[in-house]
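Have a look at the structure below, then the notes.
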Amino acid sequence: MARGPLTMSRRAVIASGAAAATVASGLVAAQRRRGSNAARFSLGFAPHEGSFASRGGRLEQIAYAADQGFTAWEDNEAAGRTVAEQEAMARALQQRGMTMGVFVASMPRWSQSRPILGANDDADREAFLADIRQSIDVAKRLSATRMTVVTGFLDAKLPLDIQTARVIDVMRRAADIVAAHPGLAMVMEPLNTRTNHPGVYMQSIAQGYAVARGVNSPAVKILADVYHEQIQSGNLIPTLGTCWDEIGYIQFGDNPGRKEPGTGEINFANVVRWLRAKRYAGVIGMEHGNSVDGRAGEDRLIAAYRMIDQA
């Protein structure tokens, strides 16, 4: 049988083998990229210490998060860390090109249900303002532009309107402190009372909007945590839209359970699409735990954010 047209030359065989090797190498590289999730997220999702606990300490977790494509980081406890720890974290973020998200500027005393910023005496208000002053240096070390404040607890003996007036007053005083540092803002976090924080003063984004408008300063905005809002009020996207001018930061966490997107009832894909339409370019804090322990849970966390990042 004649074989001439079907017979490959030695040169063709070598070329074919090289092409196959190139394709195989590309497939391996692609698989490795998929395994490490190396592509950068298009939105500023911010893990925190504990999100990748199996990878080591805080700095190792920052490095791992960056390798997975995350571009931001949160640390609620940063103000309570040593200066050396703050500076080390700042260096790690800078080296990886990551943005610092929020830290808590004035940590409530949860077990004591304090501070009460609407109280008759000034003690808690003065202590709160002292915390804000001290937090400025922390923000500078971390290159943070947002810091969380919790507006304290309710005084059951005082009318709510009086307490609101006093909260607005103290937040105006705090705004005067922060406004001396352009680009920095406090973000007030409304918290749910149904599951996590009974007795807090600020319980919804709408209430935060009223206080922020009363303060009327770019140094005071709202931290919109969709986990808390879903529990307390629901109606997430319309509420975000109505209050958008006063919202300075976003946090995610599904409900029930306060775990990663996809573990509860919130349609995060729709929320993400809405945020894209608003051209939100800020940090989105991953203010939740992992639904599964260990590395399997960390992989699941990454996959959950990959999914909504593609919405």
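The values are calculated or read from the model by the stated rules, or taken from the named source; none is laboratory data. Note that the structure is a prediction, hence the values are computed from the model and not measured. Cβ: placed from backbone, ideal geometry, glycine included. Neighbour counts: every protein chain shown.
Summary table below
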{"read-out": "For I177: the one exception among (1) surrounded by fewer than 20 Cβ atoms within 10 Å (Cβ to Cβ); (2) in a loop (DSSP other than H, G, I, E, B)", "value": "(2)"}
{"read-out": "A139 touching a residue at least 40 places away in the same chain (Cβ under 8 Å), in contact with a Lys or Arg (Cβ under 6 Å, 6 or more places away or on another chain) and in the same structural domain as G208 (by TED's automatic domain parsing)", "value": "no"}
{"read-out": "Residue in region 125-145 that is farther than 22 Å from I222 by Cα, modelled with pLDDT of 95 or more and in a loop (DSSP other than H, G, I, E, B) present", "value": "no"}
{"read-out": "Some residue of region 206-222 being closer than 24 Å to I284 by Cβ, modelled with pLDDT of 95 or more, in contact with a Phe, Trp or Tyr (Cβ under 7 Å, 6 or more places away or on another chain) and buried (at least 24 other Cβ atoms within 10 Å of the Cβ)", "value": "yes"}
{"read-out": "Filtered residues of region 282-310 (kept if within 22 Å of G248 (Cα to Cα) and not acidic (D, E))", "value": "G282, V283, I284, G285, M286, H288, Y305, I308"}
{"read-out": "Of all residues in region 186-241 being in contact with a strand residue (DSSP E or B) (Cβ under 7 Å, 6 or more places away or on another chain) and of a type in the set (V, I, T), the one that is farthest from V271 (Cα to Cα)", "value": "V200"}
{"read-out": "Every residue from region 258-311 that is at positive phi and either touching a residue at least 12 places away in the same chain (Cβ under 8 Å) or among the aromatic types (F, W, Y) (or both)", "value": "R258, G262, G294"}
{"read-out": "Hits in region 83-105 (condition: more than 19 Å from V149 (Cα to Cα) and either touching a Ser or Thr at 6+ places or on another chain (Cβ under 9 Å) or among the small types (G, A, S) (or both))", "value": "A84, A88, A90, A92, L93, Q94, R96, G97, M98, T99"}
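Each row is one residue, and each column tells you yes or no for (1) more than 22 Å from R300 (Cβ to Cβ); (2) over 17 Å from the mean Cα position of the chain (by Cα).
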| residue | (1), (2) |
| --- | --- |
| N235 | yes, yes |
| T239 | yes, yes |
| Q251 | no, no |
| P256 | no, yes |
| K259 | no, no |
| G264 | no, yes |
| N267 | no, yes |
| R276 | yes, no |
| M286 | no, no |
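Conditions tested, residue by residue: (1) surrounded by fewer than 21 Cβ atoms within 10 Å (Cβ to Cβ); (2) more than 13 Å from E49 (Cα to Cα).
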position: F70; (1), (2): no, yes
position: W73; (1), (2): no, no
position: A78; (1), (2): no, no
position: V83; (1), (2): yes, yes
position: A88; (1), (2): yes, yes
position: R91; (1), (2): yes, yes
position: Q95; (1), (2): yes, yes
position: F103; (1), (2): no, no
position: M107; (1), (2): yes, yes
